[in-house]
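The values are calculated or read from the model by the stated rules, or taken from the named source; none is laboratory data. All of these numbers come straight from a predicted model, not from anything done at the bench. Neighbour counts run over all protein chains shown; Cβ positions are idealised from the backbone, glycine included.
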Amino acid sequence: MKIVDIRATTVTVPLEATLRHAVGAHWGRFVRTIIEIETDEGIIGFGEMGGGGESAELAFTGLKRYLIGHDPFNLEELRFKICNPTASLYNNRTQLHAAIEFACLDIIGQKLGEPVYNLLGGKLRDEVPFASYLFFRSPNKPGGSGEIRTPEQLVQHCAQLKREHGFTVHKLKGGLYHPDYELECYQALAAAFPNDKLRYDPNAALNVEEAIRFGQAIEHLNNDYFEDPTWGLNGMRRVRSMVRIPTATNMVVVNFEQLAANILDLAVDVILLDTTFWGGIRPCIKAAGVCETFQLGIAVHSSGELGIQLATMLHMGAVVPNLSHAADAHYHQLTDDILVGGKMKYVNGAIKVPEGPGLGIKVDRDKIRQYAELYQELGGYMYDKDPLRPEWVPIMPNDRWADPTQS
Ligand SMILES: [Mg+2]
């Protein structure tokens, strides 16, 4: 079987509200690039990439010269073709490779009539548990709905998500307001949901001492882990030595070199595997194997996903034995998806692993057209800018906090 074409289409799908984070915001929508890889047997596989609010169409079409004529079964050779470590000194294509790997796995699964999880060792679970992902939010339009700024709004929002989707683990995305204010918010969640687990992730915005202070203040709560409270393996190691909560990262252990460094001098207990950052589902499973050997915890990271990427997270989550924590997804923040029948459903805080051949999803071409048109109309957005503070530049560690009294 040979690849005969690759097509990339950038879409934008609205979010319920603008999601604010430590270095900027998702401006009321996600921008994702959907790829289709077509083979000489007429099988089409889908992949997805995105995250930074920009289109990646040209980057994918630029890889045509490498991909035409490639056999989708040759996944190892594909890795070296697209992201050879030496070539990557010039062109870091790891995330592009991830989307192409998703599509090739989708093709192989369709060809063999097997779901992707069966190509990866077989599933150990039928569903993957998820955490609610709580953001401080601003309305998409002035005067609009969906604001989350105060502890009361946060608790109310969390209660609604719990009612609708059944979450029992809640993740607060922080690093926006002063740590004292976010501590108050986190404590409000802990008081409102005493039997649920909590995690805090300020995307490394705190300095080491602030991170230690925050960590010690929440040590007695029902914490899942303490995610990227500060930057770097050395900072995380200092926090870990002073705070009795497992540390977690999706920021400073995102490749095998960093994983090795972390194992040789432990700074992070739980590695959050992202099928995009690591370059595909298979590298995540390989990393999960290393974590299994060294008895580190793992979970599934979300870099913002539509249904195609969500499917990759579900197949990965289904096959790794050492999935020690609920997965993250931004998915419940979306108003729609590009799948036939709309969004996948959470039941009791979990999503069922797709059963069909390949990734097991059906992409709705009308939806792709609709959201590609919306992208043409709205364009990209600056992930690392806050629309509410146009002059603000995020620094690390941060001390330029947003004002929680301002809507
Ligand atoms: Mg994170």
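Go through region 243-258 and count every residue that is among the hydrophobic types (A, V, I, L, M, F, W, C) and either assigned by TED's automatic domain parsing to the domain that holds Phe73 or more than 26 Å from Lys197 (Cα to Cα) (or both). Residues flagged as among the hydrophobic types (A, V, I, L, M, F, W, C) and either assigned by TED's automatic domain parsing to the domain that holds Phe73 or more than 26 Å from Lys197 (Cα to Cα) (or both) within region 243-258 amount to 1. For region 198-209, a residue qualifies if it is within 16 Å of the ligand (Cβ to nearest atom) and not hydroxyl-bearing (Ser, Thr, Tyr), and the qualifying residues are Leu198, Arg199, Asp201, Pro202, Asn203, Ala204, Ala205, Leu206.
Take the conditions (1) surrounded by fewer than 18 Cβ atoms within 10 Å (Cβ to Cβ); (2) free of Cβ contacts under 8 Å to residues at least 60 places away in the same chain; (3) touching a helix residue (DSSP H, G or I) at 6+ places or on another chain (Cβ under 6 Å); His170 misses just one of them, which is (1). Scanning region 147-193 for residues that are within 16 Å of the ligand (Cβ to nearest atom) and touching a Gly at 6+ places or on another chain (Cβ under 9 Å) yields Val169, Glu182, Tyr186. Ile263 is checked against (1) surrounded by fewer than 16 Cβ atoms within 10 Å (Cβ to Cβ); (2) out of contact with any helix residue (DSSP H, G or I) (no Cβ under 6 Å at 6 or more places or on another chain) and fails just one. What number does that condition carry? Unmet condition: (1).
Taking the condition outside the structural domain of Ile44 (by TED's automatic domain parsing), of a type outside the set (Val, Ile, Thr) and over 19 Å from Pro14 (Cβ atoms), does Pro387 pass?
No, not satisfied.
Can you tell me which residue in region 313-342 is farthest from the chain's Cα centre (by Cα), limited to those that are within 16 Å of the ligand (Cβ to nearest atom) and closer than 26 Å to Leu374 by Cβ? Only one residue fits best here, namely Gln333. Of all residues in region 331-352, which are assigned to a loop (DSSP other than H, G, I, E, B), surrounded by fewer than 21 Cβ atoms within 10 Å (Cβ to Cβ) and either among the β-branched types (Val, Ile, Thr) or touching a Leu at 6+ places or on another chain (Cβ under 6 Å) (or both)? Across region 331-352, the qualifying residues are Thr335, Val340. Checked against the criterion of being in a loop (DSSP other than H, G, I, E, B) and within 30 Å of Gln333 (Cα to Cα), the candidates Gly42, Gly52 yield just one match: Gly52. Residues that are more than 14 Å from the ligand (Cβ to nearest atom) and surrounded by fewer than 24 Cβ atoms within 10 Å (Cβ to Cβ) do occur in region 296-312. Can you tell me which residue is farthest from the ligand (Cβ to nearest atom) among those in region 210-227 that are of a type in the set (D, E, K, R) and closer than 21 Å to Ala402 by Cβ? Among those that are of a type in the set (D, E, K, R) and closer than 21 Å to Ala402 by Cβ, it is Arg213.
Among all positions in region 230-242, there is at least one residue which is touching a residue at least 40 places away in the same chain (Cβ under 8 Å) and outside the structural domain of Gly51 (by TED's automatic domain parsing).
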